[in-house]
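The values are calculated or read from the model by the stated rules, or taken from the named source; none is laboratory data. These numbers were taken from a predicted model, which means no experiment stands behind them. Here Cβ is always computed from backbone atoms with ideal geometry, including for glycine, and neighbour counts include all displayed protein chains. Please note that ligands, DNA and RNA were not included when accessible areas were found on the heavy atoms of the full protein model with its side chains. Shrake-Rupley method; radii C 1.70, N 1.55, O 1.52, S 1.80 Å.
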Amino acid sequence: LEMPALPVRAPVVKLSLPVSTPELKKINLRTRFAVGFAGIIHKAKGLSIIDQLLASPDFRDVDLYIFGVPMVEPGILERIEAHPNVTIERNLTDFEFETRLSEMDAVVSYRPGYNGETSLTVVEALRHGVVPVVRRIGWFDELPNDVVEKVKTEADVLNALRTLRDDKSLLSKKQTSAKAYAASVHTYKQYAAGLHDLVVSKTQPTRNRKIAKALR
């Protein structure tokens with residue numbers, strides 16, 4: 001169904017999803033680098049990358065955590081879970097999801113097929129000081145370079161994770177920047193200010209008269 005064009009230019013205000021940002025320092029009790037695949041567990045979210053990681057001898061010292069809502073064919077997760085460095089948790093509560101996410105060093109959110117969507121998991125990872133590895137496309141590419149690792153292909157994901165694992169200074173800088181970005185951009189104050197600007201732009205008398213005239 002083709003939608004008719006609006007007779008006037010509609011106001012558009014970009015609103016960043018608000019999330020609460022904890023001020024507690026990130027505490028990591030693990031000694032091994034931890035990579036998370038969180039949220040909806042599906043092939044469309046780069047599940048094949050896990051197989052690449054498991055097939056690479058270079059990542060045997062990395063712990064992989066897959067947690068969220070599984071939407072894959074029977075047998076796939078069971079096969080992956082047989083590896084000793086893989087932990088799979090299904091259908092977590094919100095608290096359990098946030099707790100596990102906060103324990104990651106990095107989280108992979110690579111979309112082989114992109115349809116203009118955003119990712120709440122990525123935003124939540126940022127507020128926990130977890131570094132997302134994302135595809136350089138759409139909304140993901142709009143995120144600042146100093147809070148995420150951007151890649152072009154699935155093959156680049158492994159290189160990005162290798163860099164974060166081996167360069168502790170870079171990882172620490174991105175983790176700090178991630179929390180600062182979430183605290184300054186994804187707040188209820190910013191969200192409310194954006195809504196206020198939208199309401200004001202739509203209720204100005206001059207604009208209303210123009211819209212009414214154009215719709216006659």
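Things to note:
- The DSSP beta bridges internal to the range 50-161 are antiparallel in roughly 0% of cases.
- For the range 81-148, chymotrypsin sites (Phe, Trp or Tyr not before Pro) meeting the loop criterion (DSSP other than H, G, I, E, B) and having at most 15 other Cβ atoms within 10 Å: Tyr114.
- With an a/c value under 1.5 for the gyration tensor axes a ≥ b ≥ c computed over the alpha-carbon atoms, the range 16-165 is described as rounded.
- Cut-off under 5 Å, modelled amide H: who pairs with Phe33 long-range: Asp63
- When the residues Asp105, Asp167 are ordered by accessible surface, computed with a 1.4 Å probe over the protein chains alone, the sequence from largest down reads Asp167, Asp105.
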